[in-house]
1. Can you find even one residue in region 59-70 that is free of Cβ contacts under 8 Å to residues at least 40 places away in the same chain, in a helix (DSSP H, G or I) and in contact with a helix residue (DSSP H, G or I) (Cβ under 7 Å, 6 or more places away or on another chain)?
2. Please enumerate the residues belonging to region 214-237 that are closer than 18 Å to residue 139 by Cα, touching a residue at least 60 places away in the same chain (Cβ under 8 Å) and either part of a helix (DSSP H, G or I) or out of contact with any strand residue (DSSP E or B) (no Cβ under 9 Å at 6 or more places or on another chain) (or both).
3. Among the residues that make up region 193-210, is at least one of them touching a strand residue (DSSP E or B) at 6+ places or on another chain (Cβ under 7 Å) and either farther than 24 Å from residue 89 by Cβ or in a helix (DSSP H, G or I) (or both)?
4. Quick one: count up the residues across region 38-51 that are touching a residue at least 24 places away in the same chain (Cβ under 8 Å) and either over 11 Å from residue 24 (Cβ atoms) or assigned to a helix (DSSP H, G or I) (or both).
5. Go through (1) closer than 22 Å to residue 109 by Cβ; (2) touching a helix residue (DSSP H, G or I) at 6+ places or on another chain (Cβ under 9 Å); (3) touching a residue at least 24 places away in the same chain (Cβ under 8 Å) one by one and return the number of the condition residue 157 breaks.
6. Could you tell me which residue of region 93-103 is surrounded by the most Cβ atoms within 10 Å (Cβ to Cβ), considering only residues that are touching a residue at least 12 places away in the same chain (Cβ under 8 Å) and closer than 13 Å to residue 151 by Cα?
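Nothing in this text is a laboratory measurement; each read-out follows from the coordinates by a stated rule. All values reported here derive from a predicted model rather than from experimental measurement. Ideal geometry is used to build each Cβ from the backbone, glycine not excepted, and the neighbour counts take in all protein chains shown.
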């Protein structure tokens, strides 16, 4: 049986790094992509099943070349894990326009670049798995997170439609929407603004997120809601948006 191949973005830290490490430990071949070469070095250098790709995810041509390189070196991509993201926070009226655009370019535009490069190959083969890392923030807007919310709302919407478009292709699509996860991404928030609501909703482990993804992939559902109250929070946002905003403003003292 041929080795399964994981193509994972944001593999230099956080969820992407853990996804790559877990896949390698389970015998997969891994194409690990990140703009941060030193981050990728955490995966080691001694495995013939590892291909490290230092690529700017916002460069569509470079992404397409990386995907082609992966398939040539490791074989057909079995699973795409879109984990690359940045999360500097702040009030929309104060954040520089360039930063807001950068967040969207990486979190959504980069995600689109990779998905569009890999998905046609999977559809042509009639098999594959696409994992979109959105966030509970892709459904629940919060003060100080407007730019990040917008990027993750875009990922959630794109993936929901993609799920419907690919239902009869043999490609499995899921959208992961965790609350805060204990990864280095939170350090970007701490370096800018730390919303008080983050103290109300404690971070869950990255391992629990990956475990939940595997569970949902075995079924037919689109949404992956890791954590004990995430699905409930998603429902409350849909059912009681004004009440949720009242609670958010009260927590933040506004």
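1. Among the residues of region 59-70, not one is free of Cβ contacts under 8 Å to residues at least 40 places away in the same chain, in a helix (DSSP H, G or I) and in contact with a helix residue (DSSP H, G or I) (Cβ under 7 Å, 6 or more places away or on another chain), which makes the answer no.
2. 230, 233, 234, 237
3. yes
4. 5
5. Condition (3) is where residue 157 drops out.
6. The initial filter retains those residues of region 93-103 that are touching a residue at least 12 places away in the same chain (Cβ under 8 Å), namely 95, 99-100, 102-103.
Subsequent filtering for residues that are closer than 13 Å to residue 151 by Cα retains 99-100, 102-103.
Values: 99: 14, 100: 18, 102: 17, 103: 24.
Of everything passing the filter in region 93-103, 103 is surrounded by the most Cβ atoms within 10 Å (Cβ to Cβ).
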